């Protein structure tokens, strides 16, 4: 299966993957980061987030880190990290969006001139 | 406010019980912690925000639960099969047992008297509904009661079909046996789920 067969990604999936692109994060940090990245447009519910994380784990695009960071309350917090496949998927999706944007800009520029 | 958020977190944790067991075991604790943190954030801006947040979470639950169940179903785990059987049994126990009880109660209130057979049927329906909580005992009672009703139905059909052709008599007996079949099936399903859960 090639990368393109996984594309396009849903906006929520892309933002979750982008959220993990820089550093491993735990669930709540992903939730907040997705909201920030999407400028408040996408507010994931807890169930939606973990449904997506479960699917991404199964697909091998993300992985769960073994070292659980204890929260202030003492509860373990699991962090998630982008895998190599996940990074390739995000790059492929970004390139696809760039191509799309180039075509769109070109067409709009032609129409306005 | 702290009490309200605490109550909401407890309620959410209870609702997480609706997720399939595999998913719940893997993400349940994390989801509860994330919900509690997000709720605390929302509550910091006011009660209305906390309520809106909670409502949004609850509204998203059915879709997420169905998706999680579907995904777990694709894995075809043993736990998922038991989980699915449990919910099939529960759903049917509530509508079927509840409906039978409702009809029986309505008749009882209207006529003011009850015959032995209807009382037995009501007891079996009650067992079926109670099997939601006590799966093995309720399931066993409902299945035994269903078998009893099937037997009685067969006998009744045999008696009613006397003098008819063999085919007509057979059909009457079959219809009679169908009387207790739902109790037998759903009670048996509860029994299976209860025994599997214990194993």
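The values are calculated or read from the model by the stated rules, or taken from the named source; none is laboratory data. The shown structure was predicted, so the numbers you read here are calculated from the model rather than taken from an experiment. Note: ideal-geometry Cβ built from the backbone for every residue, glycine included; neighbour counts use all protein chains shown.
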Hits in the stretch A:1-46 - residues which are within 22 Å of residue B:29 (Cβ to Cβ), away from chain B (no Cβ under 13 Å) and assigned to a loop (DSSP other than H, G, I, E, B): A:20, A:24
Does residue B:143 satisfy being more than 13 Å from the chain's Cα centre (by Cα) and closer than 29 Å to residue B:23 by Cα? no
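Residue B:92: under 21 Å from the mean Cα position of the chain (by Cα) and closer than 30 Å to residue B:147 by Cβ, yes or no? Spell out how you get there, then give the answer.
Working: under 21 Å from the mean Cα position of the chain (by Cα): yes; closer than 30 Å to residue B:147 by Cβ: yes.
For residue B:92, the condition - under 21 Å from the mean Cα position of the chain (by Cα) and closer than 30 Å to residue B:147 by Cβ - is met.
Just need a number here: residues in the stretch B:12-21 that are in contact (Cβ under 8 Å) with a residue 60 or more places away in the chain and crowded, with 19+ Cβ neighbours inside 10 Å.
Here the count works out to 1.
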Being modelled with pLDDT under 95, more than 28 Å from residue B:20 (Cβ to Cβ) and in contact with a strand residue (DSSP E or B) (Cβ under 8 Å, 6 or more places away or on another chain) narrows it down to one of A:104, A:92, A:21, A:109, so name that one. A:21
Check every one of the helices (runs of 4 or more DSSP H) wholly within the stretch B:16-121 and list those with 1 or more residues that are within 14 Å of another protein chain (Cβ to nearest Cβ). B:21-44, B:47-75, B:78-92
